[in-house]
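The values are calculated or read from the model by the stated rules, or taken from the named source; none is laboratory data. Bear in mind that the values here come from a model prediction, so they are computed numbers and not experimental data. Methodologically, a virtual Cβ is constructed for each residue, glycine included, from the backbone with ideal geometry; neighbour enumeration extends over all protein chains shown. With ligands, DNA and RNA removed, areas are computed over all heavy atoms of the protein, side chains included. Shrake-Rupley method; radii C 1.70, N 1.55, O 1.52, S 1.80 Å.
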Amino acid sequence: RNSEYYSEDAYLSGVMAAETSRGAMSMGMNVYIKHFVANETETKRTGLKTWLTEQTLREIYCRPFEIAVKRGKANGMMTAFNRLGSCWAGGSYALMTEVLRNEWGFRGATVTDYYSSGLMNVEQGLKAGNDLWLTGGQNNAKNIDTSDKVVMHFARQACKNILFASCNGYYMHETRDKSLDTITIDLDNVVSRELPP
């Protein structure tokens, strides 16, 4: 999957992701960094069980994402298909809330990779801290128990996270230092010009 990643070096990947996030967010975009976390293969990756130590997870696989969050203030994260041990990465409260949000201070929205109904349980994901489902999740979302106060608490939190990410992107765009822009675009004043023959 190297074509989809910056580098095999955790620090270098993190710095590039952080700066890419900062640049895109300064233009009002939400950046969903993928795939959080330990998604290292295309072969049978749906539900792949990844077994590793916490030290390996933090130093090699989480490090680029941590740098993107802490240095780049990334406002979006895409979860991985694979499982960490026996738990789907996007359904892991320890990963999605305790590490990403509480420890690193992430304030934004998370989205699943392409929705897989057998793996990405909507209620499990909501309770873990996952906010959006990439295509197909809406079919299962209608089956969540809306009378369950715990599920609805996390559904409201997901809405808050999504709105924060969008509003934050807009705020960053409107308050950025435009004097540092090397390329300027003015959509209000479009100038038509003829190309020389």
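Number of Lys-Lys pairs in segment 37-159 with C-alpha atoms under 25 Å apart and a separation of 8 or more places or on different chains: 5. Ranking 95, 110, 5 by Cα position along the charge dipole of the chain, where only Lys, Arg, Asp and Glu carry charges on their C-beta atoms, puts 95 farthest toward the positive end. With Cα atoms as the point set, the chain shows a radius of gyration and Dmax of 18.7, 69 Å. For residue 110, neighbours were defined as the other residues whose beta-carbon sits under 10 Å from its Cβ, and their charges (Lys and Arg +1, Asp and Glu -1) total 0. Counting every alpha-carbon pair across segment 3-42, the share separated by more than 11 Å comes to 68%. Surface composition of the chain: carbon and sulfur atoms hold 54% of the protein heavy-atom accessible area at a 1.4 Å probe. The value of relative contact order for the chain, using C-alpha pairs under 8 Å at least six residues apart, is 22 percent.
Using a probe of 1.4 Å, the accessible surface attributed to residue 167 totals some 80 Å² when neighbouring protein chains are kept in position. Among the trypsin sites (Lys or Arg not before Pro) in segment 1-99, those placed in a DSSP loop whose Cβ has at most 15 other Cβ atoms within 10 Å are 1, 44, 71.
Taking only alpha carbon atoms, segment 23-123 gives an Rg to Rh ratio of 0.96, where Rh is the Kirkwood radius. In this structure segment 1-127 gives 48 Å² per residue of accessible area when probed at 1.4 Å with all protein chains present. Dipole size of the chain about its Cα centre, with +1 on Lys/Arg Cβ and -1 on Asp/Glu Cβ: approximately 440 debye, rounded to the nearest 20.
Positive contributions from Lys and Arg (+1) and negative ones from Asp and Glu (-1), summed over other residues with Cβ under 12 Å from the Cβ of residue 61, come out at -3.
Qualifying GluC sites (Glu not before Pro) in segment 1-109, where qualification requires a DSSP coil assignment and no more than 11 other C-beta atoms within 10 Å, comprise 8, 42.
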